[in-house]
Amino acid sequence: MKSNPHRTPRRFFLQSAAATAAAGPLLLSSASISAAEASQGTANIARGEVNRTRGTMPGNQFLIEAERRVPVAGRSQVLVCGGGPAGIGAALAAARAGATVQLIEGAGCLGGVWTAGLLTKILDAENKSGIMKEILAAMMQRGDTVAKKSAGTVYDPELMKRVLEEKCVEAGVKIRLHTLLVGAVTDERNRLVAIITESKSGRQAWLADRFIDCSGDGDLAAHAGCQFDVGMGAECTCQPMSLIALVAGIDPEAVTEYTRELAGPEAKSRMAELIKTAGLKPSYNSPTLRHLHSGIFSLMTNHEYGVPAFDAGQITEATIRARAEVHYIVQALRKYGGAWKDMAVVATAEQIGIREGRRIRGRYTVTADDVSSGLKHTEAVCQARFGFDVHDVFAHGTAPPEVSRYRTLGAKPYGIPLPALVAADIDGLMMAGRCISGDFLAHSSYRVTGNSVPLGEAAGKASAVSVQRGVMPHELLWSDVKTATG
């Protein structure tokens, strides 16, 4: 497990008020500001009357921020951090199980990689029940011909935004968009009790009985002080990132041989050869053109290697490079004329696609051997069927030897146990999606979004039941959760 730089300051919110209250009421006295004070705090921010930071910067490396009171924006029984596929599953499941639910999302829409990331394809969604099946049915019913033919797994990102919003609103989930997580608060019992966010409304605190980290990169767990792994080996080698784009101006019937869902895997190699013949060397050897509806396609053509998922500077640089590559490729394809002459970039993703971030230490770790042997576990919350999907981690097109060995072994359908969704270091915190507890190779299988939704659904149900029974999530068996939620 890697050391966590957030671990030392994670109690800052409680420590700032240590002189004014004792253990139990400590958080309440420092965080539960009256409604009038909270309202006044927001108003002051709106007027620009902020508490200005004063301090020193020793060695020009640090700035000491002045202590300030943080208004409480809300309280819920379950708080879900991240509105992507896992977060949607978690929020809907918890709300439908009877819990009050707050969903915090940094982007301006729900859906995460499905929408802000323009993924357009849901992998390992077949044979899934519950909320995943429900979403696919909605996309088939309301989508175009392509969505119907693909059983909802190829979808329109804009329609997905609307479907997810409708479902969450109907379930009574409180949604807060455009809000970034910046801190977490634990109490003297090592329980997570609040998060800190920043938004147009300023810095705010959110209290809850249970928390679910659906941020993809394990941001909430890291802020809370959990240990985690990143990548593979001592060098923490991660899978590359990719920026997806929407393109138009192409006649679907004229590019059938290059379209993934119509021509199969060979479409990728044909697309790669077409780009190379145009005089470019794409960073990704298997570019994918996918028809969505009418004349709209998604295009994934790039890899960004060696970029940490939690370094905003490097992610920024990777995004700029990737966006430039998308435009270069489209410009080169236009020169072919014919079916490609009017091809144009309609949009590039707001969020570059991150395949791998932190893997948070849980109370069970899913391993490559679990995947290759087809783990059967009494606590399994869902079954994953996807294989070892490790994109070449090095720019020269190779991956560590261990990857090849497990690819040869192959994967069998396997269960993901509930304890892999429960944080080991902090009580009251669960994870769902690709930040659950697993090793590098197992992660390459369960990280796809068809698994994220049922993992979120399981975490949402377990969190709601744990509140109702007055126990921590790690004290529950999956059979208890299923019995309580039907």
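Every number here is computed from the coordinates shown, using simple stated rules; none is lab data. Because the structure is a prediction, the values reported are computed rather than measured. Note that we place each Cβ from the backbone using ideal geometry, even for glycine, and neighbour counts take in every protein chain shown.
Taking a straight line from the alpha carbon of Lys268, these lysines sit under 18 Å away, with near neighbours fewer than eight places off in the same chain left out: Lys121, Lys276, Lys281. With a/c under 1.5 counting as rounded, go ahead and sort the chain into rounded, prolate or oblate using the C-alpha gyration tensor (a ≥ b ≥ c being the square roots of the eigenvalues; past the cut-off, prolate if a/b is larger than b/c, else oblate). Prolate, since a/c reaches 1.5 and a/b exceeds b/c. Using the Karplus relation 6.51 cos²θ - 1.76 cosθ + 1.60 with θ = phi - 60°, the per-residue 3J(HN,Hα) values for the range 410-427 come to x, 10, 10, x, 9, x, 9, x, 3, x, 6, 9, 10, 4, 7, 9, 10, 7 Hz, with x marking Gly and Pro.
Note on the chain: with charges restricted to the Cβ of Lys and Arg (+1) and Asp and Glu (-1), its dipole about the Cα centre is near 300 debye.
Normalised by the residues of the chain, what does the relative contact order come to in percent, with Cα pairs under 8 Å and at least six apart?
Computed over the chain, the figure is 20 percent.
Taking Cβ atoms as reference points and 13 Å as the exclusive limit, the residues near Lys161 contribute a net charge of -3, counting Lys and Arg as +1 and Asp and Glu as -1.
The trypsin sites (Lys or Arg not before Pro) of the range 56-155 meeting both criteria, a DSSP state outside H, G, I, E and B (loop) and at most 16 other C-beta atoms within 10 angstrom of the site's C-beta, are Arg68, Arg69. Among the trypsin sites (Lys or Arg not before Pro) in the range 372-434, those placed in a DSSP loop whose Cβ has at most 15 other Cβ atoms within 10 Å are Lys376.
Rounded to the nearest 5, the antiparallel percentage of DSSP beta bridges internal to the chain is 65%. Cross-link partners for Lys412 among the lysines, with Cα-Cα distance under 19 Å and sequence neighbours closer than 8 places in the same chain left out: Lys128, Lys376. Here the range 244-348 is treated with +1 on each Lys and Arg Cβ and -1 on each Asp and Glu Cβ, and its dipole about the Cα centre works out to around 220 debye.
Arrange the following residues from fewest to most other Cβ atoms within 10 Å of their Cβ: Ser269, Ser286.
Values: Ser269 14, Ser286 17.
Exposure proxy ranking, most exposed first: Ser269, Ser286.
Stretching the chain fully between Leu63 and Ser479 yields a gain of 144.8 nm (0.36 nm per residue, less the alpha carbon separation). If Lys and Arg each add +1 and Asp and Glu each add -1, what is the summed charge of the other residues whose beta carbon sits under 14 Å from the beta carbon of Gln141? Net charge in that neighbourhood comes out at +2.
For Lys461, the lysines whose Cα falls under 16 Å of its own Cα, not counting residues fewer than eight places away in the same chain, are Lys482. Distance from the C-alpha centroid of the range 186-219 to that of the range 266-305: 40 Å, rounded to the whole angstrom.
The H on the amide N of Ala184, modeled in the peptide plane, is under 5 Å from the matching H of Ile196, each at least 5 residues off or on a different chain.
Distances between placed amide hydrogens fall under 5 Å for Gln227 paired with Arg361, Asp425, all partners being 5 or more residues away or on another chain. The average projected area of the range 291-400, computed from the convex hull of its Cα atoms over all directions, is 10.6 nm².
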